[in-house]
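One structure below.
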Amino acid sequence: MTETVLTRSSGKPAGDRAAVSLRGLTKRYGQVTAVDGLDLTIRPGEVVALLGPNGAGKSTTIDMLLGLTRPDAGTAQLFGLPPGEAIRRGHVGALLQSGGLLPDLTVREIVQLASALHRGGPARGAAGRDSRRTRPVDAVLDRAGLTDLAGRRVGRLSGGQQQRVRFAMALVADPDLIVLDEPTTGLDVEARRAFWAQLREETQQGRTVLFATHYLDEADSYADRIVLMRAGQVVADGTAGQIKAVVSGRTIRATLPGADLATLAALPGVDRVEGRGDSVLLHCIDSDTALRALITTTPARDIEVVARGLEDAFIALTMEGAQS
Ligand code: ADP
């Protein structure tokens, strides 16, 4: 059974009003197709996780989306604009894995610098918003949990604290869209939790967020929508619940000595059967129908119905057919 799933909520045309619009986006590195004809639309206000294992193409997608890497084919638009233009107009704040920090500046100075650089950007007249709009530095420091560290040199901060500085720098332009590439990599559990609590405050104000992660629990907990990537392609797109429902299937486990596996495999609702000693596992497409048939046609006992969790769904979706 192939489990490549599309529960697309991204297919609806959103025109120029989409916060993010990627069409046929493709990037090759030699023999490797890092991103392979990716289509994605994100509407304003959505909080979207780009989820996938290492090497799935998440960072390359984000780099193209921000105009940092040139696609070999396809287009990326943010708010109907080319990425560079959207960034210049202050629509976008980004927290990237590789974002360098100036170690000799204090936290407040570096956030002030980011603010000043943004304010110094070209104003684009009536068509764009005022590119010089910024948030007060103190408010941004507070939001990023940096008030107590404002006077400390950046080079003396822990990895988690530096990540908060990057977050503050992403927020200072008061962006409509925040893009975060693996924002909690290297953070301990407590720092991860604190980071997401801060981000949640932002999303409650209707900001659009796209974050890349390989942590399934982060996608499940913090995103409205999960876009699952594998080998440069989108393999599933929906809410965590939709993805679970479509891929999970259910497994019926029962004790049935001497079972005829071929007969069980032919029961309605059953996709595949495994025998394990006196036990059988029925992998089901429709477990309710399969259960009724099992009970009425066999002496099966000790029956359990097990749902596959999101973790299993994730592994299945990102592993199966990976060679294809
Ligand atoms: P992810 O962010 O999901 O871990 P990446 O976008 O970093 O995935 O990488 C996707 C694929 O492209 C991987 O196979 C990676 O090795 C390859 N790749 C990414 N960047 C480069 C590069 N600059 N040169 C060569 N290969 C690259």
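The values are calculated or read from the model by the stated rules, or taken from the named source; none is laboratory data. On a predicted model such as this, the values are computed, not experimentally measured, just so you know. Note: ideal-geometry Cβ built from the backbone for every residue, glycine included; neighbour counts use all protein chains shown. We work out accessible area using only protein heavy atoms, side chains counted, and drop any ligands, DNA or RNA first. Shrake-Rupley method; radii C 1.70, N 1.55, O 1.52, S 1.80 Å.
Ligands, DNA and RNA aside, D181 has an accessible area near 10 Å² when probed at 1.4 Å. Site pair D217 and Q205 shows an inter-label distance of 2.9 nm when each label is modelled 7 Å from Cα along Cα→Cβ.
Per residue, how many Å² of accessible area does the chain show with a 1.4 Å probe?
47
When the residues D260, D220 are ordered by accessible surface, computed with a 1.4 Å probe over the protein chains alone, the sequence from largest down reads D260, D220.
Using a Förster radius of 22 Å, what is the FRET efficiency between D148 and A116 based on their Cβ-Cβ separation? Nearest 0.05, please. Given R0 = 22 Å and the Cβ-Cβ separation, E is 0.45. Here the contact order of region 20-244, divided by its residue count and restricted to Cα pairs under 8 Å and six or more residues apart, works out to 30 percent. In a simple Cβ point-charge model (Lys, Arg +1; Asp, Glu -1; nothing else charged), region 250-308 has a dipole of about 100 debye relative to its Cα centre.
Apolar share of the accessible surface for region 250-308: 50 percent from carbon plus sulfur atoms, 1.4 Å probe.
The label point for I285 and the one for V32, both projected 7 Å from the Cα toward the Cβ, are 3.8 nm apart. Once Rg and the Kirkwood radius are both taken over the C-alpha atoms of region 20-244, their ratio Rg/Rh works out to 0.96. Applying 1/(1 + (r/R0)^6) with R0 = 35 Å to the Cβ-Cβ distance of L261 and R23 gives a FRET efficiency near 0.15.
Approximating the spin labels as points 7 Å out from Cα along Cα→Cβ, the R276-to-T298 distance works out to 1.4 nm. Taking the 1.4 Å solvent-accessible surface of region 20-244 as the whole, the part contributed by carbon and sulfur is 47%.
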